[in-house]
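Worksheet: one structure, shown below.
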Amino acid sequence: MFGAGAMTNSIPEIRGTDLMFVIGSNTTEAHPIIAMEMKRAKKNGAKLIVADPRRIWLADIADLYMQLKPGTDVALLSAMMHVIVTEGLHDREFVDKHTTGFEDLVASVSEATPEWAEGITEVPAEDIRTAARLYATTEKAGIYYTLGITEHSHGTDNVYGLANLVLMTGHLGKENCGMNPLRGQNNVQGANDAGASPIYYAGYQRVDDPVAQAKFEAAWGTELSPTPGMNLNVMMKHMGGLIRGLFIMGEDIVLSEPNTERVEAGMNGLDFVVVQDIFLNETTRFADVVFPAACFAEKDGVFTNSDRRVQRVRKAVDAPGQARPDWQILVQLAQAVGYPMPDYQHPSEVYAEMAQLSPKFSGISHERLEDNVSGLQWPCPDPEHPGTVTMHSDGPIIGKAPFQTIAYRPSEELPNSDFPLLLSTGRTLYHYNSGTQTRRASGAVAKQPENFIEISRRDARKRGLDDGQLVRVSSRRGTVIAAINISPRMKRGCVWMPLHFPEANTNRLTNDVGDPVTQTAEFKVCAVRVQALVQAAK
Amino acid sequence: MSDLTVPILTGPTLTLTLDGEQVHAQDGETLLDVCRRAGKDVPTLCAEDRVDPMGSCRMCLVEVEGQRRLQPSCAFKVQAGQVVQTDSDKVQRHRQLLLSMYLADHELDEDDLPRERGTGNLLRQHVLNHGTGPDLPPINAPREYRMENNPYIHFDPGACVLCNLCVRYCDEVEAVSAITLAGRGAKTTIATADQKGLLDTTCEMCGGCIAVCPTGAMTEKPSLASNFQEEKVVRSTCNFCGVGCQVNLHTQDNKIVRVTSPPPGETVNDGNLCVKGRFSMEFVQHQDRLTEPLIRGKDGGLHPTSWENALKVAAEGLMAVRQKHGTDSLGFISSSRCTGEENYLLQKLSRAAFGTNNCHQCAAT
Ligand code: SF4
Ligand code: SF4
Ligand code: FES
């Protein structure tokens, strides 16, 4: 996006905003603390626009709620842009000064009328107009989104669409505005920053840039490959083919990647698998070696949160038995294959090495984090720099930001007579991702003991299904058992399931077709059918 | 129990007299704001920055010239020219009587002081700092409450001062209104709407009610068995979602016994936590944790081995794949759950030790 993918603004800025456009984010469940800030802003008089196929809790307090059909975000966003440019609500000065490609964008949305979008999204055209006008004419307006935007086969287009809205209205580089992806996991941002990426070294320096390559070769004392690697989704597809061995740290890919059956077949085709984790899980079933790791409370280091804030993680208790911190194991494995990784005494030394090689965070160190209790937000190029609360206050980082034209195309897999319901997936408040941690928490287990499927009353009645009844949910890829949860939050024709239950793994259903740019899989939309258990057994 | 922050002057000021001295204040501030800035020890129970003032506990009363009755400083707005006394005889007498009344209706320890459970008890501090008036007979009112059906939150009506902070937090900050004041007169207490267990209400188990309770009437159940005097506190960052809440991990005998938030004001979570950050730490000391390296045996099962051997087998196995199928036949999957340093080292391992850029974290979004 505007030069770096991260929240352009900061979490504490939310309370001062005048308008929040929340799309594809069930904030109250996935990011409760951010939702509190939103409630606070609302209390102070800010407007709230929510777009989500599920009537999520925030929709109840929203000024405008748009219940769009899953996978139709691009149509909605295009129509909003259409309204803004045809009514002349865009910020001409910002567009001239900081962007390119506006003419093409205007042309690309000329047909995208709210009436056209209503036909696709099922959101009333008038609501789309109202949303566009409110967003464009409110000075302090921020966009907040999460996986509901990115986990689609057109996730990149969704993000471009949002970026276009931000750029054409000049809601960038100012307090309480911006484009704000809320990260699902504690250190998604930090892992990206640190170079856990097939194309970037730490600090977003490309592996195919000879200057970066030379710098890292000198620092690490070895030759490095200039060929970008495979991303995770590509690796998953090539398991057993191009990919023959995996080293997996802290991730249960068999549970959390889409299309489980295919992942399992791929894992079986591998020659050698090493897993480093804190529990046995679905993935360790395929492991040749398992390293016991320390959890976050047992080691030192940093996490970087959604608003680019680097904060300390500190050891509070000892790891159980012989478990070791992941960083130590990585060093020992490198040394075991003959690469002279230094004997770091403490993660602060690792951070120092990374910071020295990465201008974006050169100014950050463990020492400085001791004095800055609220963390330091990158960019932070030198030790005197206070960190960056709001990005792009001097215009987009990479000079002028280009508008990206987008075009609506339906999701890859749409319902038909065999699989008549649209399934979306997500997280709940009580559980977390693969559930290895929260499924060992008594409260979460008491509240949500088993996998469930949310369905509208009408769809349930049509199938003669009762609340709590066990059903078989099937897609083209697999079947799982779940309990019916009749919910007023669901739109007709749509169902929703959480992703936290290994014994009834929702990813047996999900589609692994990827976005053409990011390869992020389409977790959010696939077609399923739901049948009562007894009936299915016949 | 959370600390109140000292407000900073930002705009044009007005002047008033506080305990005989001229002080500055800003329009819209309360007398309590001014007192805090001036470093006055004005005791409070029901005041808290994150919710609107209620002025119900009467602990913070001050004498304002021209007002016949003492006024709650937490709710009383400043005015230019006011003359205010925070520690006059009248205020002191009133405070001690009030503390006596609170004591008569409070659970006491062996020293006849309000009980302390590790979450802090403001009432105890106020009694120690300001003394009490006459001894009043204990009230021992029977109080109905039924929210125990939940794994995390313990409520002890005997230690409740009915400041209503928990209810206000639940309404105003968490906005789910799971609990409410219930009953009448001496039987008044905190309860759920239909006297259900908390689990069967809209409660989201954020634990905010515990965090704001001034007396420890609300406590973390898991901490009840611990000896809070021996707790050690380590500041860290929550390991669940991407908000990056700051947490204080309270430990005892190498176990996490409770998680609290650092005070509001300086952190991204502003004193708040959600159910995961505050309560979902059982996994840390769970019996299923992996405690030794394992390797796959000939029988197909995983078996314990030494670190030395596990590292050797892993290194040889990965190298054998590389020799047979080429450098880029290996993939390295990193974790958004691990630290920045670990992610850095994983890409270094992948690129420098094994020569491939096939390295990615599990959640690139
Ligand atoms: S835990 Fe949170 S939601 Fe539940 S009663 Fe307390 S404040 Fe309300
Ligand atoms: S439980 Fe605590 S916070 Fe709630 S009313 Fe009683 S003393 Fe106040
Ligand atoms: S603190 Fe002022 S009345 Fe309670």
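The values are calculated or read from the model by the stated rules, or taken from the named source; none is laboratory data. The structure displayed is predicted, hence computed values, not measured ones. Cβ coordinates were reconstructed from backbone atoms using ideal geometry, including for glycine residues, and neighbour counts include every protein chain displayed. The protein model used for the area step is the full one, side chains on, heavy atoms only, and it has no ligands, DNA or RNA in it. Shrake-Rupley method; radii C 1.70, N 1.55, O 1.52, S 1.80 Å.
So what's Rg/Rh here for region A:49-109, counting alpha carbon atoms and using the Kirkwood radius for Rh? Please list the in-between numbers first.
Numbers: Rg = 14.6 Å, Rh = 13.4 Å.
Reported Rg/Rh (Cα atoms, Kirkwood Rh): 1.09.
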Discussion item. Taking the Cα centroid of region A:260-303 and of region B:304-365, what is the distance between the two, rounded to the nearest whole Å?
Written reply: 11
Fill in: Hull shadow area, averaged, region B:294-361 [alpha-carbon convex hull, nm²]
5.5
Worksheet, complete the sentence: To the nearest Å², the heavy-atom accessible area per residue of region A:1-156 with 1.4 Å probe amounts to 32
Response to the item:
Across the alpha-carbon set of chain A, Rg over Rh with Rh taken as the Kirkwood radius works out to 0.96
Practice prompt. Might you report the magnitude of the Cβ-based charge dipole of region A:226-319 about its Cα centre, with Lys and Arg at +1 and Asp and Glu at -1, to the nearest 20 debye?
Written response: 420
Fill in: Furthest towards positive pole of dipole, B:G301, A:Q404, B:C35, structure part the protein assembly as shown, Cβ charges
B:G301
Worksheet item: Given the Cα atoms of region B:235-307, and with Rh set as the inverse mean 1/r over their pairs in the Kirkwood sense, what is Rg to Rh to two decimals?
Response: 1.19
Discussion item. Please give me, ordered by residue number, the GluC sites (Glu not before Pro) of region B:106-183 that lie in loop per DSSP and have at most 13 other Cβ atoms within 10 Å.
Written reply: B:E110, B:E144, B:E148
Worksheet entry | Karplus-derived 3J(HN,Hα), 6.51/-1.76/1.60, for each residue of region A:366-378, Hz, glycine and proline x | 4, 4, 5, 5, 5, 8, 9, 5, 9, x, 10, 9, 6
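In terms of the ratio Rg/(2.2 N^0.38 Å) built on C-alpha atoms, what value belongs to region B:85-244? Each step should come with its number before you reach the end.
Numbers: Rg = 17.2 Å, N = 160, 2.2 N^0.38 = 15.1 Å.
So region B:85-244 has a normalised radius of gyration of 1.14.
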Worksheet entry | Whole-angstrom gap from region A:2-79 to region A:103-146, using each part's C-alpha centre | 15
Worksheet item: Dipole size in debye (nearest 20) for region B:14-130 around its Cα centre, Lys and Arg Cβ +1, Asp and Glu Cβ -1?
Response: 320
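How much FRET efficiency would the formula 1/(1 + (r/R0)^6) give for A:K215 and A:A265, where r is the Cβ-Cβ distance and R0 is 41 Å, rounded to 0.05?
According to the calculation, E is roughly 0.50.
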Fill in: For A:32-44, mean number of other protein chain Cβ atoms within 10 Å
5
Response to the item:
Per principal axis, largest first, the Cα atoms of region A:175-290 extend in Å by 44, 42, 25
Worksheet entry | DSSP-defined beta bridges in chain A - what % are antiparallel, rounded to 5 | 35
Item to complete: Return, for the Cα atoms of the protein assembly as shown, the radius of gyration and Dmax in Å, separated by a comma.
Response: 28.8, 92
Worksheet entry | Carbon + sulfur, % of accessible area of the protein assembly as shown - ligands and nucleic acids excluded, 1.4 Å | 48
Worksheet entry | More than 36 angstrom apart: percent of Cα pairs within chain B | 40
Worksheet item: For region B:294-361, what is the accessible area per residue in Å² when the probe is 1.4 Å?
Response: 32
Fill in: Phi-based couplings in Hz for region B:100-115 (Karplus 6.51, -1.76, 1.60; Gly and Pro marked x)
4, 5, 4, 4, 4, 10, 10, 5, 10, 9, 4, 8, 6, 10, x, 4
Fill in: Computed P(r) (all Cα pairs; region A:56-175; 10 Å bins; percent)
13, 46, 35, 5
Worksheet, complete the sentence: Interchain or sequence-distant (5+) residues whose placed amide H lies within less than 5 Å of the amide H of A:R324 are A:A293, A:A294
Practice prompt. Just the number, please: buried accessible area between B and A, total of both chains, 1.4 angstrom probe, nearest 100 square angstrom.
Written response: 10600
Practice prompt. Kindly provide the helix-only [θ] at 222 nm of chain A, computed as the sum of -39,500 (n - 2.57) over DSSP H runs of four or more divided by all residues, to the nearest 500 deg cm²/dmol?
Written response: -8500 deg cm²/dmol
Discussion item. Quick check: pseudo-label points 7 Å beyond the Cα along Cα→Cβ at B:Q67 and B:A320, how many nm apart are they?
Written reply: 8.2
Item to complete: Answer with one residue from B:L98, B:V83, B:C46: the one whose Cα lies farthest towards the positive end of the charge dipole of region B:14-130, charges on Cβ with Lys, Arg +1 and Asp, Glu -1.
Response: B:V83
Discussion item. Just want the answer: with Cβ charges of +1 for Lys and Arg and -1 for Asp and Glu, which residue in B:C238, B:L345, B:V212 is farthest toward the dipole's positive end in chain B?
Written reply: B:L345
Worksheet item: When each pair of different Cα atoms in region A:276-399 is counted once in the 1/r mean, what is the Kirkwood radius in angstroms, to one decimal?
Response: 16.6
Worksheet entry | Net dipole in debye of the protein assembly as shown [+1 Lys, Arg Cβ; -1 Asp, Glu Cβ; about Cα centre; nearest 20] | 1820
Worksheet item: If the viscosity is 1.002 mPa s and the temperature 20 °C, what Stokes-Einstein diffusion coefficient in µm²/s follows for region B:14-130 when Rh is the Kirkwood radius over Cα pairs?
Response: 143
Practice prompt. Apply the Kirkwood formula to region A:1-87: the hydrodynamic radius equals the inverse of the mean of 1/r over all pairs of different alpha-carbon atoms; give it in Å with one decimal.
Written response: 14.0
